[in-house]
Structure formats: C-alpha cells, structure tokens
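Q: First the structure, which I've put down as structure tokens, then a few questions once you've had a look.
The values are calculated or read from the model by the stated rules, or taken from the named source; none is laboratory data. Computed from a prediction, not measured in an experiment: that's the story for all the values here. FYI the Cβ positions are ideal-geometry reconstructions off the backbone, even for glycines, and counts take in every protein chain you see. Areas reflect the complete protein model, heavy atoms only, side chains present, ligands, DNA and RNA absent. Shrake-Rupley method; radii C 1.70, N 1.55, O 1.52, S 1.80 Å.
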Amino acid sequence: MLLEAFGSVALGIALAWTAASRLPHRLPERRTVFAVGALGALFGAFLTHSAVGPGHTVTTVVGATFIAVVALSLLLRPRGRLRRSAA
C-alpha cells in the first residue's frame with residue numbers, strides 16, 4: 001500500500017508538471033497545480049485501493065492516474081474571453 005501511494009504521488013506530480021509546462025496560460029499558479037496533481041493521485045489511489053482491495057497494484061495506479069487527470073482538468077480556465085450578451 002505504501003509503495004502504491006508513493007508511486008501514485010510521483011505519477012500525479014509528473015502529470016502536473018506536464019500540464020503546467022504545456023498549458024501555463026490556462027492554469028493557476030504552479031504550486032497549486034502540483035499540489036492538486038499529487039493530492040488527486042493520492043485520493044485516487046485510496047479510492048481505487050478501497051474499491052478493489054489489496055493485490056491490484058496496477059489497477060490502483062491506473063485509478064490514481066484517472067482521478068489525478070480529472071482533478072487537474074478542473075483547474076483549466078477557458079481559452080479566450082467569455083462573451084456575455086446583454087439580452
């Protein structure tokens with residue numbers, strides 16, 4: 001379990017670094033992105049490990065990756081200016 005947690009956090013930080021380097025104009029401060037990536041992956045590992053049980057390391061890491069990507073996607077801002085009609 002401990003190895004799954006450390007691996008998931010490392011994967012979450014790697015995903016956050018990738019997102020921060022490719023989309024710096026659409027994300028908040030880098031420190032926030034790294035924290036959300038690591039915590040999202042850790043929560044994903046916990047959730048997946050609780051759902052499938054021990055002995056499913058690959059499934060746990062895949063679930064952690066999925067939750068980290070979802071958490072990072074929630075940080076994205078719209079691409080351009082939002083247009084609001086007066087009507």
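Q: Could we say that Gly7 is open to solvent by less than 80 Å² (accessible area, probe 1.4 Å) and over 12 Å from the mean Cα position of the chain (by Cα) here?
A: Here the answer is yes, as Gly7 does meet what is asked.
Q: Let me ask something else. Tell me which residues, restricted to segment 10-54, are open to solvent by 50 Å² or more (accessible area, probe 1.4 Å) and of a type in the set (Lys, Arg).
A: Result: Arg22, Arg30, Arg31.
Q: Pairs please, first residue from segment 31-55 and under 12 Å from Glu4 (Cα atoms), second anywhere and open to solvent by less than 60 Å² (accessible area, probe 1.4 Å) and acidic (Asp, Glu), Cβ atoms under 7 Å, 6+ apart in sequence or on different chains.
A: Ala45/Glu4; His49/Glu4
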